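Reading through the structure tokens given below for one structure.
The values are calculated or read from the model by the stated rules, or taken from the named source; none is laboratory data. These figures come from a predicted structure and were not determined experimentally. Here the Cβ is made from the backbone with ideal geometry for all residues, glycine too, and neighbour counts use every protein chain on show. Side chains included, ligands, DNA and RNA excluded: accessible areas come from the protein's heavy atoms. Shrake-Rupley method; radii C 1.70, N 1.55, O 1.52, S 1.80 Å.
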Amino acid sequence: MKKQLIADIGQNESRVALLEDGELEEIYIERPGIDRLVGNIYRGRVCSVLPGMQAAFVDIGYEKNAFLYAGDIVEVKEYGEDDDDHTHDAKNLDIAGLVKVGQELTVQVIKEPMGSKGPRVTTNITLPGRHLVLLPGADYTGVSRRIEDEEERAKLKKIAEKLKPEGMGLIVRTASEGMEEEDFLDDLDFLLKLWESIKMKEKRGPVPRCIHKDLSLVYRMVRDLFTRDIDKFVINDRGHYEKVLELVEIVSPDLKRRVEYFTKDTDIFGYYQLDSKLSRALSRKVWLKCGGYLVIDRTEALTVIDVNTGKYVGKRNLEDTVLKTNLEAADEIARQLRLRDIGGIIIIDFIDMHDREHQHMVLDRLKQALKKDRTKTIVVGMTGLGLIEMTRKKVRQDLSSIMLVECPHCDGTGRLLASDANGKSGKPDESR
């Protein structure tokens with residue numbers, strides 16, 4: 001599989017696309033006026049404690065107070081690089097015994113603010129590097145679940161245990177597969193110095209305040225996505241291209257030759273035909289290659305995906321037509337969830353299948369396709385009505401929330417009142 005990262009750096013926004021065999025799989029967008037909060041570390045002050053919710057609200061200087069759950073205060077017992085947060089069972093915890101109103105805390109944002117909700121924070125700080133994740137408050141070592149070879153996992157676990165600073169934790173990241181002990185030393189040294197700097201900033205300055213901001217978009221891509229399985233990293237801005245080369249020279253010199261400067265006198269997303277693919281990712285209806293289609297509808301609490309045969313009439317019989325449509329839909333659904341960054345509860349209504357074997361085939365196909373997703377997903381199973389239930393971690397705003405605004409005429413419903421029999425507009429008279 002050929003993988004490419006395409007970076008479009010503009011004055012008003014920066015975009016980075018991940019392509020797999022020419023298909024748009026992931027898109028990341030950053031705009032100057034919109035701060036990304038996930039990964040940032042703040043010195044905040046507890047402004048209210050809610051025992052009934054086992055949570056507290058913390059003023060971090062953002063327009064909305066941050067939400068701190070009791071399970072996000074206790075020490076990390078287990079954490080994987082691919083987890084987006086590390087909540088613990090808070091049934092036996094007492095939030096009132098953990099924090100007090102007016103108390104100062106150092107917290108890290110683990111979920112962006114969404115809708116009416118403020119950001120979600122944790123006191124379990126994690127500092128990601130190129131090859132390691134440092135957990136200053138946890139005495140734990142682990143290896144990314146994406147490294148599946150048991151012999152390699154055992155080797156990396158042993159290295160992590162040897163390098164782990166006393167009283168801290170270490171996670172070996174996916175990009176570290178095949179590396180030896182000496183390859184981790186610079187990364188660990190950088191992370192330890194970064195933590196010392198954060199600890200120093202804790203001691204001085206007003207509260208609330210930001211004491212550490214995560215890297216900007218392009219440099220996060222170098223740290224988190226630009227691994228050995230990426231064939232090319234193409235950038236259309238000379239300044240960013242040179243800075244990326246400098247960073248890659250430090251973290252992975254062998255990948256330096258894969259970084260390219262886009263010199264053509266044309267729009268880089270247009271050249272790679274990404275604008276049309278991005279438009280498709282914002283559409284309610286998604287056509288499948290076989291002629292079937294998906295309908296994707298969002299609510300605040302969940303996402304519903306409906307599968308239809310559409311133009312596909314099959315060749316043999318109805319059961320075969322339904323199975324082929326559902327199998328292709330399973331692949332496309334996994335891709336759309338990733339591309340649109342849809343999180344929360346997801347209900348999938350595949351075309352009805354009476355054959356149990358066919359049901360298992362489609363469910364297995366969906367689970368297999370979801371393995372490519374770096375965000376944690378859980379497929380619960382099939383309900384009595386034949387609907388598939390699943391969840392996907394909600395960390396950031398989804399693509400449509402970033403790129404679309406609510407229509408002022410229909411208030412986001414997609415519908416207007418029908419005209420009456422006299423041809424008058426059904427829109428309410430707001431003059432009264």
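Restrict the check to region 309-319 and report whether at least one residue is at pLDDT 90 or above, farther than 19 Å from R340 by Cβ, open to solvent by 20 Å² or more (accessible area, probe 1.4 Å) and among the basic types (K, R). Reasoning before the result, please.
Let us first name the residues in region 309-319 that are at pLDDT 90 or above, namely none.
Checking region 309-319: not a single residue is at pLDDT 90 or above, farther than 19 Å from R340 by Cβ, open to solvent by 20 Å² or more (accessible area, probe 1.4 Å) and among the basic types (K, R).
Considering region 380-412 alone, what residues qualify as being open to solvent by 40 Å² or more (accessible area, probe 1.4 Å), assigned to a strand (DSSP E or B) and in contact (Cβ under 8 Å) with a residue 12 or more places away in the chain?
Scanning region 380-412 gives M382, E389, T391.
Within the bounds of region 371-379, is there any residue that is at negative phi, part of a loop (DSSP other than H, G, I, E, B), without any contact (Cβ under 8 Å) to a residue 60 or more places away in the chain and surrounded by fewer than 20 Cβ atoms within 10 Å (Cβ to Cβ)?
Here is the first cut: in region 371-379, the ones at negative phi are 371-379.
Narrowing the set further to residues that are part of a loop (DSSP other than H, G, I, E, B) leaves 371-376.
Next, from what is left, pick out any that are without any contact (Cβ under 8 Å) to a residue 60 or more places away in the chain: 371, 373.
Checking the rest, the ones that are also surrounded by fewer than 20 Cβ atoms within 10 Å (Cβ to Cβ) come to 371, 373.
Checking region 371-379: at least one residue is at negative phi, part of a loop (DSSP other than H, G, I, E, B), without any contact (Cβ under 8 Å) to a residue 60 or more places away in the chain and surrounded by fewer than 20 Cβ atoms within 10 Å (Cβ to Cβ).
State whether one or more residues within region 190-198 are in contact (Cβ under 8 Å) with a residue 24 or more places away in the chain, buried (at least 18 other Cβ atoms within 10 Å of the Cβ) and in contact with a helix residue (DSSP H, G or I) (Cβ under 8 Å, 6 or more places away or on another chain).
No, the conditions are met nowhere in region 190-198.
When region 345-361 is examined, which residues are found to be at pLDDT below 90 and surrounded by 12 or more Cβ atoms within 10 Å (Cβ to Cβ)?
If the condition is that a residue be at pLDDT below 90 and surrounded by 12 or more Cβ atoms within 10 Å (Cβ to Cβ), then M353 is the only one that fits.
Only strands (runs of 3 or more DSSP E) wholly contained in region 231-350 count here; list those with 2 or more residues that are free of Cβ contacts under 8 Å to residues at least 60 places away in the same chain. Walk me through how you get there before you give the answer.
Values: elements: 232-235, 259-261, 285-287, 293-298, 302-308, 344-349.
Of the strands (runs of 3 or more DSSP E) lying wholly inside region 231-350, those with at least 2 residues that are free of Cβ contacts under 8 Å to residues at least 60 places away in the same chain span 259-261, 285-287, 293-298, 302-308, 344-349.
State the number of residues belonging to region 176-189 that are open to solvent by less than 70 Å² (accessible area, probe 1.4 Å) and under 27 Å from the mean Cα position of the chain (by Cα). Spell out how you get there, then give the answer.
Keep residues of region 176-189 that are open to solvent by less than 70 Å² (accessible area, probe 1.4 Å), which gives 176, 178-179, 181, 184, 187-188.
Among the residues that remain, those that are also under 27 Å from the mean Cα position of the chain (by Cα) are: 176, 178-179, 184, 187-188.
Of the residues in that region, 6 qualify.
Residues of region 115-132 being within 19 Å of N40 (Cβ to Cβ), at pLDDT 90 or above and touching a strand residue (DSSP E or B) at 6+ places or on another chain (Cβ under 9 Å), which ones?
Within region 115-132, G118, P119, R120, V121, T122, T123, N124, I125, T126, L127, P128 meet the criteria.
What number of residues in region 349-378 are closer than 25 Å to R298 by Cα and under 28 Å from the mean Cα position of the chain (by Cα)?
Total satisfying the criteria: 19.
Looking only at region 56-68, filter to residues that are open to solvent by 50 Å² or more (accessible area, probe 1.4 Å) and part of a loop (DSSP other than H, G, I, E, B); which one of those is nearest to I211 (Cα to Cα)?
Only one residue tops the list, namely G61.
Whether any residue in region 139-146 is among the small types (G, A, S), in contact with a Pro (Cβ under 9 Å, 6 or more places away or on another chain) and not in a loop (DSSP other than H, G, I, E, B) is what I want to check. Spell out the reasoning first.
To start, the set of residues in region 139-146 that are among the small types (G, A, S) comprises 142, 144.
Keeping just the survivors that are in contact with a Pro (Cβ under 9 Å, 6 or more places away or on another chain) gives none.
Checked region 139-146: no residue is among the small types (G, A, S), in contact with a Pro (Cβ under 9 Å, 6 or more places away or on another chain) and not in a loop (DSSP other than H, G, I, E, B).
Taking the residues in region 1-46 that are open to solvent by 40 Å² or more (accessible area, probe 1.4 Å), in contact with an Asp or Glu (Cβ under 6 Å, 6 or more places away or on another chain) and within 28 Å of L370 (Cα to Cα) as candidates, determine which candidate is modelled with the lowest pLDDT.
Only one residue fits best here, namely M1.
Determine which single condition T299 fails, assuming it passes every other condition in (1) in contact with a Cys (Cβ under 9 Å, 6 or more places away or on another chain); (2) of a type in the set (S, T, Y); (3) open to solvent by 10 Å² or more (accessible area, probe 1.4 Å).
Result: T299 fails condition (1) only.
Among the candidates R153, R145, single out the residue that is open to solvent by 50 Å² or more (accessible area, probe 1.4 Å) and either touching a Ser or Thr at 6+ places or on another chain (Cβ under 7 Å) or within 26 Å of Q108 (Cα to Cα) (or both).
Numbers: R153 fails: either touching a Ser or Thr at 6+ places or on another chain (Cβ under 7 Å) or within 26 Å of Q108 (Cα to Cα) (or both).
Answer to the check: R145.
Which of the residues that make up region 115-130 are open to solvent by 10 Å² or more (accessible area, probe 1.4 Å) and in a loop (DSSP other than H, G, I, E, B)?
G115, S116, G118, T123, N124, I125, T126, R130
Which of the residues belonging to region 160-175 are outside any strand (DSSP E or B), in contact (Cβ under 8 Å) with a residue 12 or more places away in the chain and more than 19 Å from the chain's Cα centre (by Cα)?
Going residue by residue through region 160-175, those that are outside any strand (DSSP E or B) are 160-168, 173-175.
Within this subset, residues satisfying the condition of being in contact (Cβ under 8 Å) with a residue 12 or more places away in the chain are 160-165, 167-168, 173-175.
A160, E161, K162, L163, K164, P165, G167, M168 - these are the residues of region 160-175 that are outside any strand (DSSP E or B), in contact (Cβ under 8 Å) with a residue 12 or more places away in the chain and more than 19 Å from the chain's Cα centre (by Cα).
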